[in-house]
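Data first, discussion second: the structure below is written as structure tokens.
The values are calculated or read from the model by the stated rules, or taken from the named source; none is laboratory data. A quick note: this is a predicted structure, and the numbers were derived from the prediction, not measured. Neighbour counts are summed over all protein chains in view; Cβ atoms, including those assigned to glycine, are modelled from backbone coordinates with ideal geometry. What goes into the accessible areas is simple: the full protein's heavy atoms, side chains included, and nothing from ligands, DNA or RNA. Shrake-Rupley method; radii C 1.70, N 1.55, O 1.52, S 1.80 Å.
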Amino acid sequence: MNCNNKYIFLCLFSFLFSQNLFSEETLQVYLTDSIRPVTHCATGALYGVTETIPEDINGLVAPLKPHVFCQPPAGKNSNQHNFGDAFVVADRLKGTTGKVQISFADHLPYWPYQWPGKEEWLKAMEGYMTQKLSSGLDNIHSYVIWNEPDGTWDDAKNGDFNTTLWKPTYDLFRKYDPKTPIVGPATAYYDRQRFKSFLTFCKKNNCLPDLLCWHQWGAGGFVRAVNDLRELEKELGIPEIPLCINEYSCGSDWDDRYFEGCPGFSVPFIAKFERYKVECATISWWWTGLPGRLGSLLTEKNEPGGGWWLYKWYGDMTGYMASVIPPDDESDKVDAFVAVDKQRNYISLVLGGNTEDDVNVVFNKLPSFLTTRVKVKIERVTWTDKDVPVKLTDVISEKEMTIKGDNFTVPVKVESKLYAYRILITPVNVEQKPYNGTIATIPGIIEAEHYDVAGQGYSYYDNDDENRGDANFRNDFVDIVKAGDGLAIGYTESGEWLEYTVDVKETKDYDVSAFVSNGYSMEGFQLYIDNELITAPYTIPQTCEDWSVYEEIAIGTVSLTQGKHILKLEIAGSYINIDWLKFEPHLETDIQDFDNNDISSLKGAIIFDLEGHSFEIDELQMGKIYIAIKPNGESVKFVMKASSKRN
């Protein structure tokens, strides 16, 4: 080889070596390509909760927004394990998003299970069906008839699995409970021939499961299994059946158990389960001496580990899951899952995998709420061992960046295959616009449901993302009800607020009143102009017991300056319904407080409310403002502070 060729060869070798050593991975993210609404389908675990562990359900379980926990039907010495009773656990999970999947094979003792015979089995199953229907529980998710039949069922000894166990049990469950989904075959892994035989039988005998199930060891093989199953369904003429992976972990080798719940290895599972629309998935339970640890997300001492914080990031996701294309979908290498919330105006992406590399995350198809300037926050959760607690996640960087064009890239250095990373993106400036493009004017009436358009945390704040209203008026989290003069804000809670763009026509004092309903008597709300408090919290009197009666209540007099402002209505006491606010020029006549003793001075007077409706003295209501014109022409503006009705 001559010198020139040798030089070229060495340069080429050095280039290829450096490319391999310092290669970068790329994740393509398409933010407006929605997969489905957020479901937290992958949060849950086999025997993840017991009768007493975790002790703090509200602090350790609820924040993860769990979907399903797979539990035995009973937890006695005569069962597979003497803990984890599905019905007790379901009762403990009330008030959370968690549901319980019952694995009925764990009714039996020993491993592999000892088949008691069909008659005794069906008698026991009938008892569980009766217990379920009488329990009043509404968070039983599904029924798993048997567990890992490819290793725990012996056709030669017990009889044919399909005819001896599956079909009779399926028919019994459907007789007692036609609605709760049935899960099968729940094999230890996906095997085409076993599934083909099972599905062929089920189609012929009208006993197809509602959820197809197997256990997944290692994220890399999942995609191939799903694609093969979907081809098999087409071949058999069966519509796609939703998937349940009720045990998943990074591998089936004994040493793999050490990585159960590890953030880095968990991310590809969650990403693929979301991408392929798995209905539910539960983390494995390798450490059988430590039930109730949420699939090793908690340490032996029930402290949050690194895995807990990963699933907390997942639980914090709202809105919809968007499309992510990893470098290699059929591997456990770097992958990601992402949520987009157009109401809260944020993007949350979590990445990780069996990778230690520089990763470029390219965000495409940007939602309209992303302006040219965005804030990008990158966080990391570390992991050493399942029993090493992690107190908090780490903030790696937080900075603003300018978006140029129709995509932008965020680089992340993955330092360890055990770690996971979150990218949180929010707009720097969110444009706040008046409802329907119309600025409310003062003086005038401001409808409470006509708050500005910008989203959660910008033009309103609601304590939860459930819209409990019945008006179907606006598609966000504010609870709007049919009531009052048409629509009103309802189900209010302390700390919530709404903002309105207003145009004050003249600098002067204004009398403020509100059309409200209240089932109690407590602090109602307070008002701000440009974040300056203009009214103290006002106690709204009870108008009725069922929030069906609305009354106009005087709030007080405020001084406003001419021009555009942001009016903020903040809830100070929960469960006050508000229809509208009224601002009127303050009358020079002082508003006097009247009670029953003062009413006699109005004998013969003509009495009106502020809308011009006339009233008799015995019709006056507490808290409302009235104007009385006496026979001598003198006018009095007053507010009733006690009932005017006489016996």
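Condition check ((1) under 23 Å from the mean Cα position of the chain (by Cα); (2) hydrophobic (A, V, I, L, M, F, W, C)) across all residues:
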| residue | (1), (2) |
| --- | --- |
| 221 | no, no |
| 225 | no, yes |
| 240 | no, no |
| 245 | yes, yes |
| 256 | no, no |
| 259 | no, yes |
| 265 | no, yes |
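When you go through (1) modelled with pLDDT of 80 or more; (2) under 37 Å from the mean Cα position of the chain (by Cα); (3) within 30 Å of residue 432 (Cα to Cα) one by one for residue 574, which number turns out not to apply?
(1)
Can you find, within region 138-183, the residue that is nearest to residue 95 (Cα to Cα) among those that are among the acidic types (Asp, Glu) and open to solvent by 20 Å² or more (accessible area, probe 1.4 Å)?
Of region 138-183, the ones among the acidic types (Asp, Glu) are 138, 148, 150, 154-155, 160, 171, 177.
Subsequent filtering for residues that are open to solvent by 20 Å² or more (accessible area, probe 1.4 Å) retains 138, 148, 150, 154-155, 160, 171.
Working: 138: 11, 148: 32, 150: 37, 154: 41, 155: 43, 160: 42, 171: 32 Å.
Ranking the qualifying residues of region 138-183, first place goes to 138.
Does region 253-287 hold any residues that are of a type in the set (Ser, Thr, Tyr) and without any contact (Cβ under 8 Å) to a residue 60 or more places away in the chain, and which are they? Don't jump to the end; show me each part of the working.
Of region 253-287, the ones of a type in the set (Ser, Thr, Tyr) are 258, 266, 276, 282, 284.
Once the filter is applied, which keeps residues that are of a type in the set (Ser, Thr, Tyr) and without any contact (Cβ under 8 Å) to a residue 60 or more places away in the chain, region 253-287 yields only 276.
Which of the residues belonging to region 404-436 are over 27 Å from the mean Cα position of the chain (by Cα), of a type in the set (Gly, Ala, Ser) and modelled with pLDDT of 95 or more?
If the condition is that a residue be over 27 Å from the mean Cα position of the chain (by Cα), of a type in the set (Gly, Ala, Ser) and modelled with pLDDT of 95 or more, then 416 is the only one that fits.
Against the condition closer than 30 Å to residue 218 by Cβ and among the aliphatic types (A, V, I, L, M), how does residue 156 come out, does it pass? Please lay out each step first, then the result.
Values: closer than 30 Å to residue 218 by Cβ: no; among the aliphatic types (A, V, I, L, M): yes.
Criteria not met by residue 156.
Would it be correct to say that residue 573 is in a loop (DSSP other than H, G, I, E, B) and either open to solvent by less than 70 Å² (accessible area, probe 1.4 Å) or in contact (Cβ under 8 Å) with a residue 24 or more places away in the chain (or both)? First the steps, then the outcome.
Values: in a loop (DSSP other than H, G, I, E, B): yes; either open to solvent by less than 70 Å² (accessible area, probe 1.4 Å) or in contact (Cβ under 8 Å) with a residue 24 or more places away in the chain (or both): yes.
Criteria met by residue 573.
Which pairs turn up if I take residues in region 315-331 that are farther than 17 Å from residue 221 by Cβ and look for partners that are open to solvent by 40 Å² or more (accessible area, probe 1.4 Å) and of a type in the set (Phe, Trp, Tyr) with beta carbon separation below 6 Å, at least 6 apart in sequence or on another chain?
Matching pairs, first to second residue: 323/30.
Here's the yes/no breakdown for (1) modelled with pLDDT of 95 or more; (2) of a type in the set (Asp, Glu); (3) in contact with a His (Cβ under 7 Å, 6 or more places away or on another chain):
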position	(1), (2), (3)
306	yes, no, no
313	yes, no, no
322	yes, no, no
371	no, no, no
381	yes, no, no
390	yes, no, no
394	yes, yes, no
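Could you identify the single residue in 116, 37 that is modelled with pLDDT of 95 or more, open to solvent by less than 60 Å² (accessible area, probe 1.4 Å) and of a type outside the set (A, V, I, L, M, F, W, C)? It would help to see each step written out before you state the result.
On the way: 37 fails: open to solvent by less than 60 Å² (accessible area, probe 1.4 Å).
Criteria check complete, one pass: 116.
Mind checking which residues of region 620-637 are in contact (Cβ under 8 Å) with a residue 60 or more places away in the chain and open to solvent by less than 10 Å² (accessible area, probe 1.4 Å)? So that I can check it myself, show each step before the final result.
If we filter region 620-637 for residues that are in contact (Cβ under 8 Å) with a residue 60 or more places away in the chain, which is where we start, we get 621-625.
If the condition is that a residue be in contact (Cβ under 8 Å) with a residue 60 or more places away in the chain and open to solvent by less than 10 Å² (accessible area, probe 1.4 Å), then 623 is the only one that fits.
Here is a check on your reading of the model: is residue 348 farther than 17 Å from residue 261 by Cα and small (Gly, Ala, Ser)? Before the answer, list the steps.
Working: farther than 17 Å from residue 261 by Cα: yes; small (Gly, Ala, Ser): yes.
Yes; evaluated as a whole, the condition is true for this residue.
So how many residues does region 398-409 have that are open to solvent by less than 20 Å² (accessible area, probe 1.4 Å) and part of a strand (DSSP E or B)?
Filtering region 398-409 for residues open to solvent by less than 20 Å² (accessible area, probe 1.4 Å) gives 403, 408.
Among the residues that remain, those that are also part of a strand (DSSP E or B) are: 408.
So the answer is 1.
Examine region 118-132 for a residue that is among the hydrophobic types (A, V, I, L, M, F, W, C), in contact with a helix residue (DSSP H, G or I) (Cβ under 7 Å, 6 or more places away or on another chain) and part of a loop (DSSP other than H, G, I, E, B), and state whether such a residue exists. Lay out the reasoning, then the answer.
Quick first cut of region 118-132, residues among the hydrophobic types (A, V, I, L, M, F, W, C) only: 121-122, 124-125, 129.
If we keep only those that are in contact with a helix residue (DSSP H, G or I) (Cβ under 7 Å, 6 or more places away or on another chain) too, we end up with 122, 124-125, 129.
Restricting the remaining residues to those that are part of a loop (DSSP other than H, G, I, E, B) gives none.
For region 118-132, residues among the hydrophobic types (A, V, I, L, M, F, W, C), in contact with a helix residue (DSSP H, G or I) (Cβ under 7 Å, 6 or more places away or on another chain) and part of a loop (DSSP other than H, G, I, E, B): absent.
Identify, please: which residue in region 338-397 is of a type in the set (Ser, Thr, Tyr) and outside any strand (DSSP E or B) and is, among those, surrounded by the fewest Cβ atoms within 10 Å (Cβ to Cβ)? Can you show your working first?
Of all residues in region 338-397, those of a type in the set (Ser, Thr, Tyr) come to 346, 348, 355, 368, 371-372, 382, 384, 393, 397.
Those left that are additionally outside any strand (DSSP E or B): 355, 368, 371-372, 382, 384, 393.
Working: 355: 22, 368: 8, 371: 15, 372: 11, 382: 18, 384: 13, 393: 19.
Among those that are of a type in the set (Ser, Thr, Tyr) and outside any strand (DSSP E or B), it is 368.
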